[in-house]
Structure formats: structure tokens, C-alpha cells
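This is the structure I want to talk about, given as C-alpha cells.
Only the coordinates and a few stated rules stand behind these numbers; no lab work does. Given the structure is predicted, the values throughout are model-derived calculations rather than measurements. Cβ placement follows ideal geometry from the backbone for every residue including glycine, while neighbour counts extend to all protein chains displayed.
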Amino acid sequence: MFTIRPRLLDDVLTTPPPRATIALAVVAAVLLGLAAFLSMPSAAARCGVLPVTAEHSDRSPLPQSEPVSLTVGSIDACSSLQPVGVDAERKIEVPSVHTPEQAGWYRLGPAPGSIGPAVVVGHVNGDGREGVFADLDDVERGDRIAVARRDGRTAFFTVTSVVQADKDAFPTTAVYGNTRDAQLRLITCGGALDRSAHRYDDNVIVFASYDGWSTTTAA
């Protein structure tokens with residue numbers, strides 16, 4: 001499948017909150033959130049995706065079908081998926097910075113599980129809150145990712161590499177170039193924060209290979 005290739009992910013973020021605000025938030029979290037944290041369900045449970053092993057998945061590629069949610073269990077990240085395209089400058093769009101917990105699927109490319117590189121983007125933070133991909137740079141090779149689709153199938157992927165790239169040297173071909181099999185890329189911002197421009201210097205990119213799919217999606 002031919003993929004329209006944006007130039008880069010240029011994520012504009014709001015200025016982080018003052019340190020005093022952060023300190024108060026930390027204290028509140030410690031006092032009020034410890035019990036909740038200890039009993040918090042896993043990301044897979046929150047998103048309603050059962051951990052199906054690759055050995056029990058059908059490895060055949062899937063037809064195009066809109067993805068509806070994403071789970072990255074190793075960093076407790078999950079989100080519904082909002083379709084996004086490109087803006088007038090051919091930069092990939094991202095969900096609103098005012099909803100940093102929302103991830104977006106690049107709708108002009110393949111769907112997760114279909115042949116080609118499916119791309120999902122998300123904020124590292126926004127409006128003084130952590131984004132869905134706040135910990136994306138903590139993902140490691142071998143971690144698993146699940147993407148539930150509109151057709152009732154869940155596509156599973158294994159992380160093969162994590163790259164941090166300068167936005168001025170974004171690896172466009174590696175991210176968006178056509179592939180012979182189904183693959184997945186997760187992208188967010190990283191590196192130093194340019195406070196005057198309210199943007200980060202780099203992108204963090206997770207590359208993942210397709211393990212197969214299952215129809216067992218309800219927890």
C-alpha cells in the first residue's frame with residue numbers, strides 16, 4: 001500500500017507548570033493516590049485487551065480496518081485512537097494538546113496488522129499533564145503492543161528498536177517507507193525542550209514487528 005509520507009512530527013506543547021505547582025501535585029498524589037496505585041489494573045485490563053501470545057495468534061496479515069485502541073503494557077499506556085492526517089505544511093497531525101492522553105492513528109497509511117508501516121502518534125505531555133506517550137522512551141526491545149481494530153480483531157506487535165532522532169534529521173523513509181510485511185511505529189516528542197518555541201528538539205520512535213492477530217479482545 002502506498003503511504004503518503006509527512007515530513008516529520010512537529011509537536012507543539014504547552015509550557016510545563018511552575019515547580020511549586022508540581023510539588024503540590026506530587027504531595028497530593030502521595031497522600032491520595034498510593035492506595036489507588038497499588039490496586040490499579042494493568043493497561044491491558046483498562047483497555048479490555050487480553051494478553052494473547054504470538055503462538056496462539058494467526059500470523060496472516062489483515063485487510064484494512066480502522067484501529068480503535070492501543071495498549072503498550074510495559075509503560076501502562078493505553079488510549080483510544082483518533083484518525084489524523086497531514087496539515088498544510090505536510091506535517092503529520094496530532095490530537096489536541098489539550099487532550100494529551102489521546103493517541104492518533106495516521107489514517108493515510110496502513111492500519112495496524114495490514115501490510116506496511118502503521119503509524120500512531122501521541123503527546124509526551126500537554127496542559128501541564130503527562131501525555132499518553134510520556135514514558136515512550138522507556139520502551140525496550142521485546143516489549144509487546146496490542147492494537148484493537150474495528151473489525152473485532154486485535155493485532156499484536158513486538159518492539160524491535162527504539163530511536164531518538166533530531167526533528168531536523170527525521171528518518172522519514174525508515175518510518176513511512178513501504179514494507180513487505182505488517183509493521184508498527186509509535187512516535188512522540190523527546191530530547192530538550194525549547195521553551196521559547198514550546199516544542200521539543202527530537203522525536204522518540206518505536207519500531208515494532210507484527211506477531212499476528214486474535215479475535216479474543218474482551219477482558
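Roughly how many nanometres apart are two label points built 7 Å out from the Cα toward the Cβ at Asp194 and Gln64?
Between Asp194 and Gln64, the simple spin-label model gives 3.5 nm.
With a ≥ b ≥ c the root eigenvalues of the C-alpha gyration tensor of the stretch 123-218, is it rounded (a/c under 1.5), prolate (a/b larger than b/c) or oblate?
Prolate shape, in that a/c is at least 1.5 and a/b is the bigger ratio.
Between Lys91 and Asp151, what is the label-point separation in nm under the 7 Å Cα-to-beta-carbon projection?
About 3.4 nm, to one decimal.
Could you check the simple spin-label distance between Asp166 and Asp76, using points 7 Å along Cα→Cβ, in nm with one decimal?
Spacing of the two 7 Å Cα→Cβ label points: 3.6 nm.
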